[in-house]
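What follows is a short report on a single structure.
The values are calculated or read from the model by the stated rules, or taken from the named source; none is laboratory data. Keep in mind it's a predicted model, so treat the numbers as computed, not measured. Note that we place each Cβ from the backbone using ideal geometry, even for glycine, and neighbour counts take in every protein chain shown.
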Amino acid sequence: MEQFTPVQLNLEQPRTVWVALLPVHVPKLEGTRWLAIQLNASSFEQATEVDYFLTNASDNQVSAAWVAQTYSARNWVEVFYREAKGWLGLSEYQVRDALSMKRHWVLVFIAYTFILWHQLTGGFRRRWATKPLQTFAEALEAFRTAVEFRLVRWLNEHVDVFASHRAKFGYIWA
């Protein structure tokens, strides 16, 4: 295995990562690519996080520091996709055309922005939580609690409307 190079990342909380670079040939891609293996420790045995990156950047641009800094900047993009896919259903769509898919994506982006904005400004915490909402999942749960509360309250106040709606489908709400 190639030697790992330590790289200091100057993030909100500075951290050191170790990066090894390997030139690789991927048959379906033209030319040689650089495979970077990034660890949060100096060896595989000690590492608890292992990331693999593939880049087509030029040979004179690629270095351990460049890879670590470039991909650490992408972290927020990756966080968005993980949260949007896992919590908001970005990858769960059943559409027949591109316009419908774009509409689905826009709705997910808007929902993500709405939840994140409330998390960052403390909007949900003021009314729907007794603890700080540190993660997107916690903010989403506070939002769901708010929606459930309002739905249940509305149903209690408008049982007749709900019952007549269900009656249209041949069901009795008793």
- Does at least one position in region 17-30 carry a residue that is under 20 Å from the mean Cα position of the chain (by Cα) and within 30 Å of Phe136 (Cα to Cα)? no
- Item | Sole exception among (1) loosely packed, with under 14 Cβ neighbours inside 10 Å; (2) farther than 30 Å from Leu11 by Cβ for Thr135, by number | (2)
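Show me the helices (runs of 4 or more DSSP H) found entirely inside region 100-174 where at least 3 residues are more than 36 Å from the chain's Cα centre (by Cα).
Details: elements: 123-128, 136-157, 159-167.
By residue number, 159-167.
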- Note on the structure: With criteria (1) over 30 Å from Ala139 (Cα atoms); (2) touching a helix residue (DSSP H, G or I) at 6+ places or on another chain (Cβ under 6 Å), Thr55 comes up short on (2)
- Looking at (1) among the polar types (S, T, N, Q); (2) touching a helix residue (DSSP H, G or I) at 6+ places or on another chain (Cβ under 8 Å); (3) within 16 Å of Asp59 (Cβ to Cβ), which is the only condition Gln38 fails? (3)
- For Leu151, indicate whether it is within 22 Å of Trp76 (Cβ to Cβ) and either touching a helix residue (DSSP H, G or I) at 6+ places or on another chain (Cβ under 8 Å) or not basic (Lys, Arg) (or both). no
- Message: Any residue at all in region 25-41 that's in contact with a Leu (Cβ under 7 Å, 6 or more places away or on another chain), loosely packed, with under 15 Cβ neighbours inside 10 Å and not assigned by TED's automatic domain parsing to the domain that holds Thr113?
- Response: no
- Query: For His104, all conditions in the list (1) more than 30 Å from Glu30 (Cα to Cα); (2) surrounded by 13 or more Cβ atoms within 10 Å (Cβ to Cβ); (3) in contact with a helix residue (DSSP H, G or I) (Cβ under 8 Å, 6 or more places away or on another chain) hold save one; what is the number of the exception?
  - Reply: (3)
- Query: Pairs under 7 Å by beta carbon, first residue without any contact (Cβ under 8 Å) to a residue 12 or more places away in the chain in region 140-168, partner assigned to a helix (DSSP H, G or I) and among the aliphatic types (A, V, I, L, M), six or more apart or different chains?
  - Reply: Phe162/Leu155
